[in-house]
Amino acid sequence: MEIIVKDTVDEASAIVAEILLRQVEEKPDCALGLPTGATPLGVYARLIEDFRNGCGCYNRAHAFNLDEYLGIPGTDTASYAFYMRENLFRHIDFMQRNIHIPDGSAADASAEATRYETQIAARGGIDLMFLGLGRNAHIGFNEPGSPHDTRTRRVALTASTMEANARYFAPGSRQPTHAITMGIGTILESRRIVVLATGIEKASAVAASLAGPMTDAVPGSALARHAHTTIVLDRDAAHELDRILALEIDA
Ligand code: GLP
């Protein structure tokens, strides 16, 4: 596992954007796994800026979103489909038919999860999976307790995740209690994984994921099972990592 620590969020985001860009350059028809949340925003802003400057071509690439809320349509401003459209897809040249996001309004969530798994497999799997990390070390919406071999499925969100994400919902609007997420097993089948975590509120999740025991109680600890994972942190997120002896600081 490669760990890169940068001084600022901006520098950390630049590293991840560079990794994504290199992936589409090397394999224009690659499949990218993409996350939502506040963390990736700096990365997506850079990709958009690069694209406007003539760097990056996504018209043969496929995008597979990591997760989606259940019970809200893709037109809802709090949906991840809306987030992806606004923060990335409408600014670059992804083909609509190559954008894959679980359907949060599907009547049968389990059937939708199976359909999504099949779609990923039909593309030959994910080449590069970009991940954020929840404050409780969740990856996607795989909450603590998720076995490391889980597949894409319907999950219940924990109270702490709902609280952390409440800021994305307008006051008075109904916040979903469930989601469809790629499973940890699905994520681990990606050829390469890059994780971005920034901010002091991620420091303990980072330490538990990278320096603690491998356990279902810490979804991020599953990352150590993967042979080609790059973790990109800013100094705040790396704060509690001193316990890792061989931490390679590339600042
Ligand atoms: C959400 C998403 C995760 C994301 C996490 C962190 O719950 N399902 O994929 O990594 O939040 O979000 P943020 O980057 O806003 O801290």
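Enumerate the amide H contacts of Thr150 below 5 Å, restricted to partners 5 or more residues apart or on another chain; note that Pro and chain-start residues carry no placed amide H.
Long-range HN contacts for Thr150: Ile184, Gly185.
What is the pair-distance distribution P(r) of the chain, computed from all Cα-Cα distances in 5 Å bins starting at 0, with each bin given as a whole percent?
Spelled out per bin, shortest first, that is 1, 7, 14, 19, 21, 18, 13, 6, 1, 0.
Which one of Ala63, Ser79, Ala107 has its Cα pushed farthest toward the positive end of the charge dipole of the stretch 63-112, where Lys and Arg give +1 and Asp and Glu give -1 at the Cβ?
Checked the options; the winner is Ala63.
What distance in nm separates the two pseudo spin-label positions at Ala159 and Arg60, each 7 Å out from Cα along the beta-carbon direction?
Going from the Ala159 label point to the Arg60 one covers 5.2 nm.
Using each residue's phi in the stretch 156-168, evaluate 6.51 cos²θ - 1.76 cosθ + 1.60 at θ = phi - 60° and report the 3J(HN,Hα) Karplus result to the nearest Hz, with x for Gly and Pro.
Coupling constants for the stretch 156-168: 8, 8, 7, 4, 5, 5, 4, 5, 5, 9, 4, 4, 8 Hz.
Once the other residues with Cβ under 14 Å from the Cβ of Glu26 are scored (Lys, Arg +1; Asp, Glu -1), what is the net sum?
Here the charged neighbours net out to +1.
Taking the Cα centre of the stretch 55-140 as the origin, how large is its charge dipole in debye, to the nearest 20, when only Lys and Arg (+1) and Asp and Glu (-1) carry charge on their Cβ atoms?
Approximately 260 debye in magnitude.
Non-local amide H neighbours of Ile3 (under 5 Å, H modeled in plane, Pro and chain starts lacking H): which ones?
Ile231, Glu248
Calculate for the chain the 222 nm mean residue ellipticity that helices alone would give, adding -39,500 (n - 2.57) per DSSP H run of length 4 or more and normalising by residue count, nearest 500 deg cm²/dmol.
My calculation for the chain gives -8500 deg cm²/dmol from helical runs alone.
So what are the ³J(HN,Hα) numbers for the stretch 203-218, from phi and the Karplus equation (6.51, -1.76, 1.60; θ = phi - 60°), rounded to whole Hz, Gly and Pro as x?
After applying 6.51 cos²θ - 1.76 cosθ + 1.60, I find 4, 6, 5, 5, 5, 5, 6, 9, 10, x, x, 7, 8, 4, 5, 10 Hz.
Is there a quick way to get the dipole size of the chain? I mean about its Cα centre, with the Cβ of Lys and Arg at +1 and of Asp and Glu at -1; what is the value in debye to the nearest 20?
The calculation lands at about 520 debye.
So if I take the centroid of the Cα atoms in the stretch 57-116 and the same for the stretch 1-53, what is the distance between those two points in Å?
Taking the Cα centre of the stretch 1-53 as reference, the centre of the stretch 57-116 is 18 Å away.
For the stretch 117-124, what does the Karplus curve 6.51 cos²θ - 1.76 cosθ + 1.60, with θ = phi - 60°, yield as ³J(HN,Hα) per residue in whole Hz, taken in order and with x for Gly and Pro?
4, 4, 5, 5, 4, 5, 7, x
Report relative contact order for the stretch 1-155 in percent, whole number only (criteria: Cα-Cα under 8 Å, sequence separation at least 6).
Relative contact order of the stretch 1-155: 25 percent.
Hey, rough spin-label estimate for Glu18 and Asp149, points 7 angstrom out along Cα→Cβ, what's it come to in nanometres?
3.9
Every number here is computed from the coordinates shown, using simple stated rules; none is lab data. Keep in mind that what you see is a predicted model, and the values were worked out from it rather than measured. Quick reminder, even Gly has a Cβ in these numbers, built from the backbone with ideal geometry, and neighbours come from all protein chains shown.
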